[in-house]
Amino acid sequence: MDEKQLDYLFDLHGYLILRGAIGKDDLNAMNQWVDEHWNDVENAELPGNNSGANQWIGSIELHSYGKDDGVNFQNIIEAGPAFERQIDNPAWAPLARKYINPVNGLSIHENFLNVRGQGGHLFIHCGGHAPLCYLTFRQHNTGEWMVGQINVLMALNDIGPGDGPTVLVPGSHKSTEVHPRLEVKGKGVVAVNDGQAAGTALGMQEMYLNAGDVLFFTDAITHGSAERTNPGHRRVMIYRYSPRFIRTRFNYEWSPALLQRLTPERRQIIQPLEPRRPG
Ligand SMILES: O=C(O)CCC(=O)C(=O)O
Ligand SMILES: [Fe+2]
């Protein structure tokens, strides 16, 4: 697909599927890292909230958003070169830069690897109605791109029917109507954690991916995931790209070793401004 076609579809639908975006060697290396940490996947004690479990593997923290969404390895970029290479993967970083708009620079707001087993799912969240500052999509006066957050969801294994695919409502990033499940007491909310998988909500479409494919989507779209009904585990990585003016979600500090070994281009994305200290 040429760039004009990608632009049109991203604007219209709010998402793109980028096939084969991750190289085989990197895919194998990242899956091997998960295999080596399987004990943590099975036995992590997660509080099921945003405060984190205070269990760390070096600079990587074990975490979950709730009781149903599986184990997150937050700060996964710290896990090695294959993870570092995805920071500016040419399959999506130039697109993210363009849609966020070069005027705004590029940074990573959150990065994690998620492993989710049978029964796991994610509830419905976001939509064009939500007044979150990073859910912008266009500059209304000029029509320029001004996407406040782009989620790059990388499939580390195949995700088909029953595997708990990500679901979204195409075009809902532009909707001023509130999704019925996101209406609480007559008002639109950002998220509804009511124990229901987003997959059962009105208008949701399941996004099937092969290992190495990427779902590239504006966080403004109404989305979540279907319940995983199959045995086994879904493995994804998520890097969220935002303007450099947006702070990171949890304010993790990068390890000095990582900052030192990154290329200047990658360092610029994960730490757009160097900390300023008295000299
Ligand atoms: O777990 C999923 O499939 C959805 C992830 C999600 O909501 C996000 O990346 O913002
Ligand atoms: Fe999300």
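Per-structure values
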{"read-out": "Hits in region 191-206 (condition: over 14 Å from Leu122 (Cβ atoms) and either within 13 Å of ligand 1 (Cβ to nearest atom) or of a type in the set (A, V, I, L, M, F, W, C) (or both))", "value": "Leu202, Gln205"}
{"read-out": "Boolean, Ala79 is under 27 Å from Val190 (Cβ atoms), of a type in the set (Gly, Ala, Ser) and without any contact (Cβ under 8 Å) to a residue 60 or more places away in the chain", "value": "no"}
{"read-out": "Of the criteria (1) surrounded by fewer than 20 Cβ atoms within 10 Å (Cβ to Cβ); (2) more than 24 Å from Glu61 (Cβ to Cβ), which one Leu132 fails", "value": "(2)"}
{"read-out": "Residue list for region 223-247, restricted to those being under 22 Å from Leu132 (Cα atoms) and within 16 Å of ligand 2 (Cβ to nearest atom)", "value": "His223, Gly224, Ser225, Ile238, Tyr239, Arg240, Tyr241, Ser242, Ile246"}
{"read-out": "Selection status of Asp158, buried (at least 16 other Cβ atoms within 10 Å of the Cβ) and out of contact with any helix residue (DSSP H, G or I) (no Cβ under 9 Å at 6 or more places or on another chain)", "value": "no"}
{"read-out": "Helices (runs of 4 or more DSSP H) wholly inside region 1-104 containing at least 2 residues that are of a type in the set (D, E, K, R) and at pLDDT 95 or above", "value": "3-13, 24-36, 81-85, 93-100"}
{"read-out": "Search result, residues across region 1-27 that are within 21 Å of the chain's Cα centre (by Cα), exposed (fewer than 13 other Cβ atoms within 10 Å of the Cβ) and free of Cβ contacts under 8 Å to residues at least 60 places away in the same chain", "value": "none"}
{"read-out": "Residue in region 170-190 that is within 13 Å of ligand 1 (Cβ to nearest atom), aliphatic (A, V, I, L, M) and either closer than 23 Å to Asp7 by Cβ or touching a Ser or Thr at 6+ places or on another chain (Cβ under 8 Å) (or both) present", "value": "no"}
{"read-out": "Hits in region 207-224 (condition: farther than 15 Å from Val189 by Cα, of a type outside the set (S, T, N, Q) and more than 9 Å from ligand 1 (Cβ to nearest atom))", "value": "Tyr208, Leu209, Ala211, Gly212, Asp213, Val214, Phe216"}
{"read-out": "Close pairs from region 145-163: first within 13 Å of ligand 2 (Cβ to nearest atom), partner among the polar types (S, T, N, Q) and modelled with pLDDT under 95, Cβ under 6 Å, at least 6 apart", "value": "none"}
{"read-out": "Any hit, region 80-90, residues being of a type in the set (Phe, Trp, Tyr), more than 15 Å from ligand 2 (Cβ to nearest atom) and within 13 Å of the chain's Cα centre (by Cα)", "value": "no"}
{"read-out": "Positions within region 110-131 being more than 11 Å from ligand 1 (Cβ to nearest atom), under 16 Å from the mean Cα position of the chain (by Cα) and in a loop (DSSP other than H, G, I, E, B), in sequence order", "value": "Gly127"}
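The values are calculated or read from the model by the stated rules, or taken from the named source; none is laboratory data. Keep in mind it's a predicted model, so treat the numbers as computed, not measured. Don't worry about glycine lacking a Cβ; one is built from the backbone with ideal geometry, like all the others, and counts go over all protein chains shown.
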